[in-house]
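First up is the structure itself, then whatever we jot down about it.
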Amino acid sequence: MQQQILETKLKNGITILTDRMSNAHSTAIGIWIPRGSRHESLEENGLSHFYEHLVFKGTKNRNAFEIASTLEDRGGQLEAYTTRQETGFYAQVVPKDAFLALEVMADMLMNPLFDKGDISKERKVIIEEIRSYEDIAEECAADLFYATHFAPCGLSSPIAGTVQSVRRLTRESMLKYKEQVISEIPIYVCAAGKIDHDSLVEECKKVFKNKKTKISKLPENYGITPSFKISSKPDLQQSSLVWGTSFQKTNLSKDFRFALSLFNVAFGAGMSSRLFQKIREEHGLAYTVYSTTDVFSDSYGFSVSLATDPAKLLKSIQLVKNEFLNFMEKGFLEGELKRTKRNILGSLEIGSDNTEKRLLRLAEHRLHFGECQAIDSVKDSLKKLDNAKILKILSEAFDLKNFSVAVVEPKGAPKIKPSEFL
């Protein structure tokens, strides 16, 4: 696959990356701020997410309806999200509207109004959003895992904040955030699809003419507290579990992310995975069971999630641990590594036709790894790993003493000791 990823850095802290797809019928383009909930104090937890909401409410040049309709009236879509690591805004449009989409998003970031009435209304919306997560046991278990495993590191903070922290956020906090975006925090502009790199660079110079040159790297710290935490909630029928760990990048080889990806897919990322086959198909213990990985600028995460009858939770986690220990001892089963590689390589091929997926890959790889590796290079990295190499990489990184457990269960569920989990 011919792929040319180009990168240009402007003096004012704008980094422009493009992944040109000559035969594409669309362009996906976006702006990323490397700030998320991990960079917030406890008093301002949820600020990045609140900011993401508010910039849609109006600028010096557009009201909320105009922000929404400018691209939608042309068949485009404007999206945004906040994570623990970054805040992103992106659009998928026909190629002729790519610079219009860029100008709309730049207007949102450079010229937000933060009207007091909009802040008051959106505060209520975000509080309802938080409450909607609190109604989902799986979401509660995930937040509980982050809060306990990463304490007191910034990664422990919930992305949207808490009801209490959102109520504390002020317009002054928003204005300070805006000034940091304009004057301090670096900005990444990424595009995939039918796009000309040099033209995009020139356009960025225009729409970000107010961006200042002073660049400050936001403080990040990594730390974990391996722990066991149970939270009881009324009106639940199942116990939701997250069992997992994390790894600091400085202690890992360059091939670790590829080894972890191969392990995750085989272990629990699909219907043919070991966890799905063992927990659901063989024993019928859970409807929901899967493993997942996270990537941050300084660390990786791995976790298993499942939901089951409280009386079956202990058996479920014991089966999960047995599968994990078996893998760490013997590695891939016969033919399993070959199937797993085909799975990942096939997904890369399928995703390569999608401008939105190429855009998100471009941005998130640049933010999380410091570079965006071409798809063919990723394929080569995956292909060269054999069972022995993968097992060596993983066994040197995984340590059961660094695992944490978070459970959200119904009131009155059978009591389980931490030693039975960890």
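If we scan segment 413-420, do we find a residue that is of a type outside the set (Lys, Arg), under 27 Å from the mean Cα position of the chain (by Cα) and assigned to a helix (DSSP H, G or I)? For segment 413-420, residues of a type outside the set (Lys, Arg), under 27 Å from the mean Cα position of the chain (by Cα) and assigned to a helix (DSSP H, G or I): absent. Going by the structure shown, is residue 363 under 30 Å from residue 190 (Cα atoms), part of a helix (DSSP H, G or I) and modelled with pLDDT of 95 or more? So residue 363 fits the description; yes.
Flag: residue 135 does not match the condition of being assigned by TED's automatic domain parsing to the domain that holds residue 19, surrounded by fewer than 22 Cβ atoms within 10 Å (Cβ to Cβ) and touching a Leu at 6+ places or on another chain (Cβ under 7 Å). Within 20 Å of residue 211 (Cβ to Cβ) and surrounded by fewer than 24 Cβ atoms within 10 Å (Cβ to Cβ): is that true of residue 59 in this structure? Here the answer is yes, as residue 59 does meet what is asked. No other residue among 404, 381 is under 30 Å from residue 17 (Cβ atoms) and among the hydroxyl-bearing types (Ser, Thr, Tyr) apart from 381. The residues on offer are 377, 352, 316, and the sole one that is hydroxyl-bearing (Ser, Thr, Tyr), without any contact (Cβ under 8 Å) to a residue 24 or more places away in the chain and either in contact with a helix residue (DSSP H, G or I) (Cβ under 9 Å, 6 or more places away or on another chain) or within 30 Å of residue 94 (Cα to Cα) (or both) is 377. Tell me, which residue of segment 260-292 that is crowded, with 19+ Cβ neighbours inside 10 Å and assigned to a strand (DSSP E or B) is farthest from the chain's Cα centre (by Cα)? Per the stated criteria, the residue is 289.
Per the conditions (1) part of a helix (DSSP H, G or I); (2) over 29 Å from residue 311 (Cβ atoms), the sole criterion not satisfied by residue 385 is (1). Among the residues of segment 216-224, are any within 20 Å of residue 137 (Cα to Cα) and of a type in the set (D, E, K, R)? No, segment 216-224 has no match at all. Where strands (runs of 3 or more DSSP E) fall entirely within segment 1-89, those with at least 2 residues that are assigned by TED's automatic domain parsing to the domain that holds residue 178 and among the polar types (S, T, N, Q) are at 14-20, 77-82.
The sole residue among 98, 142, 80, 64 that is among the hydrophobic types (A, V, I, L, M, F, W, C) and surrounded by fewer than 18 Cβ atoms within 10 Å (Cβ to Cβ) is 64.
Looking at segment 382-412, which of its residues are of a type in the set (Gly, Ala, Ser), over 21 Å from residue 291 (Cβ atoms) and either touching a strand residue (DSSP E or B) at 6+ places or on another chain (Cβ under 6 Å) or modelled with pLDDT of 95 or more (or both)? Listed by number, the list holds a single entry, 388.
The values are calculated or read from the model by the stated rules, or taken from the named source; none is laboratory data. This is a predicted model, so every value here is computed, not measured. Note: ideal-geometry Cβ built from the backbone for every residue, glycine included; neighbour counts use all protein chains shown.
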